[in-house]
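Colleague: Before anything else, here's the structure in question.
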Protein chains: 2
Amino acid sequence: MTGVEPDGLGGLDGLDGLNALFAPRGIAVVGASRDPAKLGAALARSVAGFPGYVALVNARDPDPAAGVHASIAEAAEHGPVDLALVCVPARGCADAVAEAAKAGARAAVIYGGGFAEAGPEGERYQRDLAAVAERTGIRLLGPNTSGFLAPGRGLTASFVPGAADVPAGRIAVVAASGGVNHALAFLLAEAGHGVSLAVGLGNGVDLAAEDVLDHLESDERTTAVALHIESVADGRRLVGAVARLAATRPVVALVVGRHDVGAFAASHTGALATSWRTTRAALAQAGAVLVDDERELVDAVGALSLLRLPAAADPGVGIVTAQAGPGLLLLDDLRGRHAAVPELSDATVGALAEHLPPLTYQRNPVDTGRPGPGFAAVLAAVAADPAVDLLAGYALHEPAAFDLPKAVDAYPGTVPLVLGVGGAGDDVRRTRRALLDRGIPVAGDPHGLAAMTGALLADARARHRTRAASVPARRPAGIEPGPGPWDEDQAKALLDALGVTTMPRRACADRAEAHRALAELSGPVAVKLLDAAVLHKTEIGGVRLGVRTTEELDVALDALRSAGAPRFLVERMAPAGVDLVVGARRDPVFGPVVLVGLGGTTAEALADVALRLAPLTVSEAASMLTELAGRALLEGWRGGPVLDPAALAGVVVALGDLLAAHRGLEEIEINPLRLTHQGLFALDAVCIAAEPEVSDGRTDH
Amino acid sequence: MTGVEPDGLGGLDGLDGLNALFAPRGIAVVGASRDPAKLGAALARSVAGFPGYVALVNARDPDPAAGVHASIAEAAEHGPVDLALVCVPARGCADAVAEAAKAGARAAVIYGGGFAEAGPEGERYQRDLAAVAERTGIRLLGPNTSGFLAPGRGLTASFVPGAADVPAGRIAVVAASGGVNHALAFLLAEAGHGVSLAVGLGNGVDLAAEDVLDHLESDERTTAVALHIESVADGRRLVGAVARLAATRPVVALVVGRHDVGAFAASHTGALATSWRTTRAALAQAGAVLVDDERELVDAVGALSLLRLPAAADPGVGIVTAQAGPGLLLLDDLRGRHAAVPELSDATVGALAEHLPPLTYQRNPVDTGRPGPGFAAVLAAVAADPAVDLLAGYALHEPAAFDLPKAVDAYPGTVPLVLGVGGAGDDVRRTRRALLDRGIPVAGDPHGLAAMTGALLADARARHRTRAASVPARRPAGIEPGPGPWDEDQAKALLDALGVTTMPRRACADRAEAHRALAELSGPVAVKLLDAAVLHKTEIGGVRLGVRTTEELDVALDALRSAGAPRFLVERMAPAGVDLVVGARRDPVFGPVVLVGLGGTTAEALADVALRLAPLTVSEAASMLTELAGRALLEGWRGGPVLDPAALAGVVVALGDLLAAHRGLEEIEINPLRLTHQGLFALDAVCIAAEPEVSDGRTDH
């Protein structure tokens, strides 16, 4: 890999815990064993090639002649021990770490299992470990992990065979699981990439993903980060770390738990999987690129480790393909990723005509027919088109017809280039290697090329979105919701104050007031039970619609009284339209979250919703619409009303700001928010007060 | 690869066209060139290693000393020319093929472009080619293709470099495009597989996918088929070929065109892409396994080339993983594929306890912790569980800890096994090779393992479904829809005859009849405009609901009269419930097709529908429900009614049978079909007569 070399080991006085962990001057393997099948023996083998000081420790079986010390203190007499690799059973780990800290180590890896994932006794061992870390300040990776790799430093703090063969490179892997950490590092190596650091967090008694992400912010070896998430303890800290890191280095995230994997997940990490949807939404909002599986993760982070597009709302992709069939697969796949594949300008098509036979398709995709030496000129012509921000090219490996690396050398680099090269065998691998060495992301198939292209686009779009997205929590001016509970009239008064349109309404204490309201509101009205204690009015017969006459009103009021209505809300009926649901609630992990979805039972059953953390910007809120599967309903479906995204975004932002500013509020929901030809109207609203003990510092910043 | 050897070239007298093409005794390259960059030169190089007779032909530049003949007739004097590889420009192809046929060739490949995909002149050339094929009986592959590979016969009838290096194996590739054919062959080779035959169809002037599929039915080398579809000309022929082949060999299909790729697709093949949804539904119904991209295609067909599960409604998967994190990725992915991952029996858990430490999860997935020599015993214990039909295992490559191929050798084979082995480098590749050689499908990552497992399950389920699915078209007894047009009452009479429940109704010629109907039907009624010429009553104000009194009826009748109603339908109102849409229509490519979807605007905007070809079995129709995203609405959502799948399937089958039996019917739709606590009721129905010219033989078998 270019530009990535071990940085030497000097100047490490004043190592903080994470530098002691990932860039130690010296290492001790605590529990080093003579039995080659034991963990301690495997670790001793793994670190044998480390260029710094390496000490082996075995209290029960020391062997001074073989350099096996009786204690870590003794080991520290012979060289600096910044890092202890702890390979003793769970019950002995806390003591081993305490001794290590006393001997001067500032970091330790705990490999073994048998902690929080394994029942009450293990939970106690894990608490003991946490207490030692707390008391001594030593930083801990694990327990229940296979460790980490830092190939650029010659450091393989992992017991997995073959881990030392993963080459040094630009990609950092931060994985919830040690197994996944290694699986990803191996997949990256197979794809021609190397890693700067690859960490498996395990149970995370001390170090969590956000700590490693923070550390990577200043790691110049790393140009892109692969993040694997199983559960989240502190959502806001994670999001903050991702947002800071993504500003300088792309972060590609794979979140486990789309489906029900709860019992096994709990057994694995000792933590319940967090909400998959919310975690994904939060990470995307922070600027991460999301992927659906490990292979897409490798494609995405591999491409992003080599190049990043300038931030843009919707970069255009020029497609050049030497074979139409794979080009069609690529186009189809890119359309599914909402890629803009613009028509090329007349000037571009004219320029292409000089290089291509008239039979080929030249609009975008550009089909070169059988490629020849003119391939570079075709790339250059498409790249020069003003609508093209990224060039995606595919060709079968045909060295007899043209030399792809040479074509790339002749390519003027007007816009970045990403390639797919089909073929099998060593010669193809050499060609792909040659392209990677030129800084060109390269896939082996159209789907991989689409995944790479999609990741480059997603990153560019995310940076465009997040650029202006740093919004301080605002306390919406002059709004004081008070302690609750709130009835519908009070909830709507809050909405009125927020600038959300409601229908004219009257809260009525008795029949006389209701009749006055009907007269004043003129036209059909809805009459509803008004009681802060009742959240689901409709289900107990507490709503009567289309009331026009005094007779109908009396019938309605009778019905509401017998449903237990203490008071009434009389409200002018809204025009017909399309119903939405908009809400804000406090997520236990991520704090204030806003939600937009289509209304009605079907949309609810389909869970067709978009989520974001609050507070958020208007443009971030408007982007939620693009995620709704049924958004066609909001775009003038069958002559229906057309949504102004900014208007909806205004409502979303207002609810998010309100919840973020008032910790006494647990949830506010408008259901339905009706889209009509006259605009948006909040037809029903519910506010729920927070239980006092639910509030904590985390949910209010 | 085991069991796959060239079968020699004897006994080929009486070669049919496809044997002449794929297993010729001799070959002539027509248009063989001295210029190494020309197509004809590339083909000459490609076939140089063919063990049979090879002749080169160049009419303008013959070179008897170098074995370049002046004509194919001359070439045929020196050896048998069963197959002509035609490398001349488009305008000369028809003549070249005619000469080849005259010289005794029974098959030809036309490589060049410039035919139907390239405008009117090319269309003429393509018609000329078709005419020669028709006249002489010669079978044609192409034009506009890079040809085919038959590595087991030493035959590389392709100009793509490296194609000759694709090893012989068990998988046949049938691709719409020559480029995709090669891309897939290379991907299969990279994954450790070989091909028995790999064909790119190109423009398909003669040979279509179904011809090659039919040929493969008797090809003993082939154990699985990869099918790539861009467009379909004759849907029923394709489906028939897939169904026949899938009975003996798994067929895995990748269909292009999920998104809008129309213009480029048309330029590529000269044909409009067919409906992606309908094509996928038809292929699945015929027994094919569907995949979403090329990589899943390789995983799926690779696994299925090695093993097939017994047909079963829902086989259970036992998961054994050496690392919890990758196991969690695998479980999550499999849940998304609707895999059954059953809890293991107490007996199994007891047996596992002998081999595993108590810390590990042992219910399913089974987490072995760090694997050791006991891995084989764990596999055996899980495989012995009565709920497990397939074992999916994942482990990082750890040769020091345990020998995976040896574990596989010790595995008793109670149920089939599929494995994922993480790692990088030659040693891992050797291990994967060793597993493949033992007949074990092996992936490099959890997603690939899930794709393999999912394909094995999909194939087993499809065979279970299609076993009893061979249904002759039935003319529903005693039903004669007549020539149409049909008003709602007549359409419902058809439904009554089919056994689909409607509400009690009266067709009324005037007000008096309508009032009589109200009295007879007792209770609230719907009053509707009755006119066979009006398809969308609601949109012109032709429907009034909830009419209870004679006064209300008069108001309703006035309104309908002013909406232009010549007659009225008075019908008892149905109970509340969940609305569905069920219909049958004639697809231009596939003929009668049935559709089931959720009703209402939202479901329509989301296009949440399932499709099948008609006629179909009740169990096939019932399986449509599993594809609906919103199916929770039909399963007692919030106290709502619960659908009896057989009842809905009965309606679907009846509509499909009706359409299949009566070619005068273009479409019949029930919208809504309401699911209530009292069962299903057809609330509105529309029948549309076929335009006479739309009917043809294809759509009625």
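Colleague: Cα axis of helix B:276-285 to longest principal axis of chain B: angle in degrees, 0 to 90, nearest 10?
Modeller: On a 0 to 90 degree scale, this one is about 80.
Colleague: Are there residues in the range B:187-217 whose accessible area shrinks by at least 20 Å² when all protein chains are included rather than the chain by itself, and which are they (probe 1.4 Å, ligands and nucleic acids not counted)?
Modeller: Those are B:187, B:190, which lose 20 Å² or more relative to the chain on its own.
Colleague: 222 nm [θ] for chain A, helices only, -39500 (n - 2.57) per DSSP H run of 4+, per residue, to 500? Don't skip to the end; give the middle numbers.
Modeller: Details: 23 runs with 250 residues, N = 701.
Result for chain A, helices only: -11000 deg cm²/dmol.
Colleague: Which residue in chain A puts its Cβ closest to the axis that rotates chain A onto chain B, and at what distance in whole Å?
Modeller: In residue-and-Å form, the answer is A:602, 2.
Colleague: Taking 23 Å as the cut-off for C-alpha to C-alpha distance, list the pairs among A:406/B:38; A:528/B:528; A:528/B:537; B:492/B:537; A:492/A:537 that go past it. Write out the running numbers ahead of the final one.
Modeller: Working: A:406/B:38 21 Å; A:528/B:528 32 Å; A:528/B:537 33 Å; B:492/B:537 15 Å; A:492/A:537 15 Å.
Violating the 23 Å Cα-Cα cut-off are A:528/B:528; A:528/B:537.
Colleague: Another question, then. Helix B:645-661: angle to the longest alpha-carbon principal axis of chain B, degrees 0 to 90, nearest 10?
Modeller: 80 degrees
Colleague: What is the pair-distance distribution P(r) of the range A:54-106, computed from all Cα-Cα distances in 10 Å bins starting at 0, with each bin given as a whole percent?
Modeller: Over the range A:54-106, the share of Cα pairs per 10 Å bin runs 27, 59, 14 percent.
Colleague: Mind checking the mean number of beta-carbon atoms from other chains within 10 Å of the Cβ atoms in B:171-183? All intermediate terms of the calculation are to be shown ahead of the outcome.
Modeller: Values: counts 0, 0, 0, 0, 1, 2, 7, 4, 15, 10, 2, 9, 13.
The shielding value for this peptide is 5.
Colleague: How do B:536, A:182 rank by accessible surface area computed with a 1.4 Å probe, from largest to smallest?
Modeller: Numbers: B:536 115, A:182 0 Å².
Most to least solvent-accessible, the answer reads B:536, A:182.
Colleague: Can you tell me the orientation of helix B:235-246 relative to chain B, as the angle in degrees between its alpha-carbon axis and the longest Cα principal axis, to the nearest 10?
Modeller: Approximately 60 degrees, to the nearest 10.
Colleague: With a cut-off of 8 Å between alpha carbons and a minimum separation of six or more residues, what is the relative contact order of the range B:578-700 in percent?
Modeller: Working: 261 pairs, mean separation 36.9, N = 123.
Here the relative contact order equals 30 percent.
Colleague: What are the ³J(HN,Hα) values, in whole Hz, obtained from phi via the Karplus relation 6.51 cos²θ - 1.76 cosθ + 1.60 with θ = phi - 60°, for each residue of the range B:290-302 in sequence order, with x given for Gly and Pro?
Modeller: 9, 10, 9, 7, 5, 5, 5, 4, 5, 4, 5, 6, x
Colleague: Could you state, as a whole-number percent, how many of the C-alpha pairs of the range B:38-82 are farther apart than 11 Å? All intermediate terms of the calculation are to be shown ahead of the outcome.
Modeller: Details: 654 of 990 pairs.
When every Cα pair of the range B:38-82 is considered, 66 percent fall beyond 11 Å.
Colleague: Relative to the other copies, what are the label-point distances for residue A:430, with labels 7 Å from Cα along the C-beta vector, expressed in nm at one decimal and sorted shortest first?
Modeller: For residue A:430, the inter-copy label distances come out at 2.4 nm.
Colleague: At 1.4 Å probe size, with the rest of the protein present, what percent of the exposed accessible area of chain A is carbon and sulfur atoms? Intermediate values should be presented prior to the final figure.
Modeller: Numbers: 13250 of 25480 Å².
It is 52 percent, rounded to a whole number.
Colleague: Starting from the Kirkwood Rh over alpha-carbon pairs, what translational D in µm² s⁻¹ does the range B:145-306 have by Stokes-Einstein at 4 °C and 1.567 mPa s?
Modeller: The calculation lands on 85 µm²/s.
Colleague: So what is the accessible area of the protein assembly as shown per residue, in Å², with the probe set to 1.4 Å? Please list the in-between numbers first.
Modeller: Numbers: 50930 Å² over 1402 residues.
I get 36 Å² per residue for this part.
Colleague: Return the whole-Å distance between the Cα centroid of the range A:128-179 and the Cα centroid of the range A:332-392.
Modeller: 45 Å
Colleague: On alpha-carbon atoms, Rg over Rh for the range B:316-431 using Kirkwood Rh?
Modeller: Working: Rg = 13.2 Å, Rh = 14.1 Å.
Rg/Rh for the range B:316-431 comes to 0.94.
Colleague: 7 Å along Cα→Cβ for the label point: how many nanometres lie between residue B:664 and each equivalent label in the other copies, listed shortest first?
Modeller: 7.5
Colleague: Could you pull out every residue, at least 5 positions away or on a different chain, whose amide H is within less than 5 Å of the one on residue A:63? Hs are placed 1.01 Å off N in the peptide plane, and Pro or chain starts have none.
Modeller: HN-HN under 5 Å from residue A:63: A:68, A:69.
Colleague: With a 10 Å radius around each residue's Cβ, average the other Cβ atoms per peptide and rank B:23-36, B:313-326, highest first. Please list the in-between numbers first.
Modeller: Numbers: B:23-36: 22.6, B:313-326: 24.4.
With the highest mean Cβ count within 10 Å placed first, the list reads B:313-326, B:23-36.
Colleague: So how do A:385, B:128 rank on accessible area, 1.4 Å probe, biggest first, that is with the largest at the start?
Modeller: Working: A:385 5, B:128 65 Å².
Heavy-atom accessible area, descending, gives B:128, A:385.
Colleague: Still on this structure, I have one more. Take each of the peptides A:362-372, A:86-96, average the number of other beta-carbon atoms within 10 Å over its residues, and list them starting from the highest.
Modeller: A:362-372, A:86-96
Colleague: Hey, can you rank B:339-350, A:223-234 by average C-beta count inside 10 Å, highest first? Don't skip to the end; give the middle numbers.
Modeller: Details: B:339-350: 16.8, A:223-234: 24.2.
Highest-to-lowest ranking by the protection proxy: A:223-234, B:339-350.
Colleague: Can I ask one more? On average, how much area does the Cα convex hull of chain A cover when viewed from any direction, in nm²?
Modeller: Details: hull surface 145.1 nm².
For chain A, the mean projected area of the Cα convex hull comes to 36.3 nm².
Colleague: Additional query: Averaged over peptide A:444-456, how many Cβ atoms belonging to another chain are found within 10 Å of each residue's Cβ?
Modeller: On the way: counts 6, 11, 6, 8, 3, 0, 1, 2, 0, 0, 0, 0, 0.
The shielding value for this peptide is 3.
Colleague: Summed for both chains, how many Å² of accessible area, to the nearest 100, are buried between B and A with a 1.4 Å probe?
Modeller: Numbers: alone 28770 and 28800 Å², together 50930 Å².
Summing both sides, the interface buries roughly 6600 Å².
Colleague: If you find the alpha carbon centre of the range B:199-271 and of the range A:30-80, how far apart are they in angstrom?
Modeller: 62 Å
Colleague: Hey, what's the Kirkwood Rh for the range A:622-693 if you take every pair of different alpha carbons, in angstrom? Provide the component values of the computation, followed by the final result.
Modeller: Working: mean 1/r = 0.0732 Å⁻¹.
By the Kirkwood definition, the hydrodynamic radius is 13.7 Å.
Colleague: On to the next question. Work out which residues of the range A:144-161 lose at minimum 20 square angstrom of accessible surface when the other protein chains are put back, relative to the chain isolated, with a 1.4 angstrom probe, and list them by number.
Modeller: A:159, A:160, A:161
Colleague: For residue A:387, place a label point 7 Å out from Cα along the Cα→Cβ vector, do the same in each other copy, and report the separations in nm, one decimal, smallest first.
Modeller: When each copy's label point is compared with this one, the spacings are 5.5 nm.
Colleague: Probe 1.4 Å, all protein chains in place: accessible area of residue B:539 in Å², nearest 10?
Modeller: Roll a 1.4 Å probe over it and residue B:539 shows about 140 Å².
Colleague: Taking amide H positions as placed in the peptide plane 1.01 Å from N, state which residues far from residue B:155 in sequence (5 or more) or on other chains have amide H under 5 Å from it.
Modeller: B:150
Colleague: Need one value for A:365-371: mean number of C-beta atoms belonging to other chains within 10 Å of its residues' C-beta atoms. Display every interim value, and only then the final one.
Modeller: Working: counts 5, 1, 6, 0, 2, 9, 0.
So the per-residue partner count for this stretch is 3.
Colleague: Let me know the volume per residue of the alpha-carbon convex hull for the protein assembly as shown, in Å³. Spell out each step's value before the answer.
Modeller: Working: hull volume 277.6 nm³, N = 1402.
Per-residue hull volume (Cα only) is 198 Å³.
Colleague: If you don't mind, another one. So how do A:102, A:528 rank on accessible area, 1.4 Å probe, biggest first, that is with the largest at the start? Don't skip to the answer; put the middle values down first.
Modeller: Details: A:102 185, A:528 15 Å².
Order by accessible area, largest first: A:102, A:528.
The values are calculated or read from the model by the stated rules, or taken from the named source; none is laboratory data. Everything quoted here is computed from the prediction, not taken from an experiment. Note that each Cβ is placed from the backbone with ideal geometry, even for glycine, and that neighbours are counted across all protein chains shown. Keep in mind that these areas ignore ligands, DNA and RNA; they rest on the heavy atoms of the full protein, side chains included. Shrake-Rupley method; radii C 1.70, N 1.55, O 1.52, S 1.80 Å.
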